[in-house]
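Colleague: Provided herewith is a single structure, encoded as structure tokens, for subsequent inquiry.
The values are calculated or read from the model by the stated rules, or taken from the named source; none is laboratory data. A quick note: this is a predicted structure, and the numbers were derived from the prediction, not measured. Note that each Cβ is placed from the backbone with ideal geometry, even for glycine, and that neighbours are counted across all protein chains shown.
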Amino acid sequence: MFYFGERPDPEVVRMNDVQRTARQYRRFGEVHVQDSSPLYRRLSVAVSEDETLLELLAGLPREKRQPNLLLGAVRFLRGTTPEYPEFREFVLERRDEVIDVVMRRRTQTNEPARCSALLAVLAGLPGPFALLEVGASAGLCLIPDRYSYDYDGHVVGPADAAVMIRCSVAGNPPLPEALPNALPNVVWRAGIDLNPLDVNDDEEMRWLKALIWPEHEERRARFAAAVEVARADPPRIVRGDLNTTLDRLAADVPDGATLVVYHSAVLMYLDQAARDRFEAQVTALPGHWVSQEDPETMPGLTERLPGGPPKRPVSFVVALDGEPVALAGGHGGWLEWL
């Protein structure tokens with residue numbers, strides 16, 4: 001790297017990294033988990049004020065400083081998540097193990113309940129479907145046709161299914177006009193991920209389980225049931241970058257199937273140039289594009305929301321072919337049709 005003028009002072013760079021990390025953890029605690037995980041809120045805010053842990057985190061690559069990675073690593077190694085004094089002691093006493101997990105793992109949260117929004121969008125599209133998910137993790141969102149759903153009493157699929165996804169609905173109209181009465185006909189499915197996870201690998205599934213927030217017992221039970229469903233016939237997931245793999249994989253879609261490219265909480269991990277490249281590719285493909293992303297990740301969508309930015313925490317903007325159609329909970333528990 002070449003510098004013009006004075007070389008940046010390493011101490012200043014380090015201080016800036018500490019400050020950025022502190023802001024990241026405080027925002028995670030006060031915004032992202034404020035109403036969903038009181039324990040993670042307390043821990044994240046405490047980390048944001050702890051110079052020792054901030055210095056430790058600032059020494060990691062930027063993408064490895066994420067709150068979910070540190071919190072998940074402690075839960076993965078310890079089995080449970082303690083309050084801050086014990087949490088801090090654990091991180092410092094076993095720092096090498098904690099850092100090893102953080103460096104080897106990714107935040108690949110695979111929440112099957114996000115399929116509640118996907119299913120509602122699919123209901124308005126012509127099938128049969130070819131589903132292609134980017135950022136597929138273990139593929140639990142590639143099998144929406146193998147779960148059942150309860151939209152405030154409107155049940156789709158068998159009532160005794162191993163996985164019943166419950167989703168409260170609102171909006172005008174309160175339900176999507178084409179709320180499904182039957183599960184979609186999926187004739188082809190595949191995913192892309194930089195680090196595909198094998199549903200038959202107990203250690204990898206233990207990591208995904210560790211990423212579920214402490215108080216979310218229903219999510220843990222649903223995750224375990226969804227893993228068993230996926231193990232019966234695991235979806236195909238290709239290792240690769242979405243921008244170099246998308247076109248090649250889409251070429252495998254069988255004739256007569258409607259291609260639906262889908263992703264949730266993926267674009268936040270791309271820089272703007274990579275996001276722009278992906279959008280250009282996906283909009284050039286035949287078929288449809290369904291996205292569930294944080295409003296800050298796709299600000300162009302947020303600007304077109306009828307009521308402005310979402311007021312509820314942990315909200316996704318659900319879009320079809322680049323147009324917002326709904327807001328959804330980050331963990332699939334609610335859907336507000338626009």
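Colleague: Give the residues of segment 19-45 that are crowded, with 17+ Cβ neighbours inside 10 Å, in a helix (DSSP H, G or I) and of a type in the set (V, I, T), sorted by residue number.
Modeller: If the condition is that a residue be crowded, with 17+ Cβ neighbours inside 10 Å, in a helix (DSSP H, G or I) and of a type in the set (V, I, T), then T21, V45 are the ones that fit.
Colleague: Only one of these conditions is not met by R220: (1) in contact with a helix residue (DSSP H, G or I) (Cβ under 7 Å, 6 or more places away or on another chain); (2) in contact (Cβ under 8 Å) with a residue 24 or more places away in the chain. Which number is it?
Modeller: It fails just one condition, (2).
Colleague: Among the residues of segment 185-196, are any of a type in the set (F, W, Y), at pLDDT 95 or above, in the same structural domain as T245 (by TED's automatic domain parsing) and part of a loop (DSSP other than H, G, I, E, B)? Steps first, please.
Modeller: We begin by selecting, within segment 185-196, every residue of a type in the set (F, W, Y); these are 188.
If we keep only those that are at pLDDT 95 or above too, we end up with 188.
Remaining after also requiring in the same structural domain as T245 (by TED's automatic domain parsing): 188.
Keeping just the survivors that are part of a loop (DSSP other than H, G, I, E, B) gives none.
Within segment 185-196, not a single residue is of a type in the set (F, W, Y), at pLDDT 95 or above, in the same structural domain as T245 (by TED's automatic domain parsing) and part of a loop (DSSP other than H, G, I, E, B).
Colleague: Identify all residues within segment 136-176 that are without any contact (Cβ under 8 Å) to a residue 24 or more places away in the chain and in a loop (DSSP other than H, G, I, E, B); write none if there are none.
Modeller: Answer for segment 136-176, where residues must be without any contact (Cβ under 8 Å) to a residue 24 or more places away in the chain and in a loop (DSSP other than H, G, I, E, B): D152, G153, P158, A159, D160, A161.
Colleague: Right, something else. Hey, could you check segment 273-287 for residues that are within 14 Å of V134 (Cβ to Cβ) and in contact with a strand residue (DSSP E or B) (Cβ under 7 Å, 6 or more places away or on another chain) and say which is surrounded by the fewest Cβ atoms within 10 Å (Cβ to Cβ)?
Modeller: T283
Colleague: Let me ask something else about it. Would you say T297 is surrounded by fewer than 18 Cβ atoms within 10 Å (Cβ to Cβ) and of a type in the set (V, I, T)?
Modeller: Working: surrounded by fewer than 18 Cβ atoms within 10 Å (Cβ to Cβ): no; of a type in the set (V, I, T): yes.
In short, no.
Colleague: Please find, among A117, A73, A130, the residue that is assigned by TED's automatic domain parsing to the domain that holds A274, at pLDDT 95 or above and surrounded by 23 or more Cβ atoms within 10 Å (Cβ to Cβ). I'd like the intermediate steps shown before the answer.
Modeller: Working: A73 fails: assigned by TED's automatic domain parsing to the domain that holds A274; A130 fails: surrounded by 23 or more Cβ atoms within 10 Å (Cβ to Cβ).
The unique qualifying residue is A117.
Colleague: Report whether or not F76 is more than 19 Å from the chain's Cα centre (by Cα) and either within 20 Å of S36 (Cα to Cα) or in a helix (DSSP H, G or I) (or both).
Modeller: Numbers: more than 19 Å from the chain's Cα centre (by Cα): no; either within 20 Å of S36 (Cα to Cα) or in a helix (DSSP H, G or I) (or both): yes.
The answer is no for F76.
Colleague: While we're on this one: Return yes when I99 is within 30 Å of R42 (Cα to Cα) and not assigned by TED's automatic domain parsing to the domain that holds G191 and no when it is not. Steps first, please.
Modeller: On the way: within 30 Å of R42 (Cα to Cα): yes; not assigned by TED's automatic domain parsing to the domain that holds G191: yes.
The answer is yes for I99.
Colleague: For segment 240-257, state whether one or more residues are aliphatic (A, V, I, L, M), closer than 25 Å to I143 by Cβ and under 18 Å from the mean Cα position of the chain (by Cα).
Modeller: Looking through segment 240-257, at least one residue is aliphatic (A, V, I, L, M), closer than 25 Å to I143 by Cβ and under 18 Å from the mean Cα position of the chain (by Cα).
Colleague: Which ones in segment 286-326 are outside any loop (DSSP other than H, G, I, E, B) and touching a residue at least 40 places away in the same chain (Cβ under 8 Å)? Steps first, answer last, please.
Modeller: Initially, segment 286-326 is screened for residues outside any loop (DSSP other than H, G, I, E, B), giving 288-293, 299-303, 315-320, 323-326.
Once the filter is applied, which keeps residues that are outside any loop (DSSP other than H, G, I, E, B) and touching a residue at least 40 places away in the same chain (Cβ under 8 Å), segment 286-326 yields H288, V290, Q292, F316, V318, L320, V325, A326.
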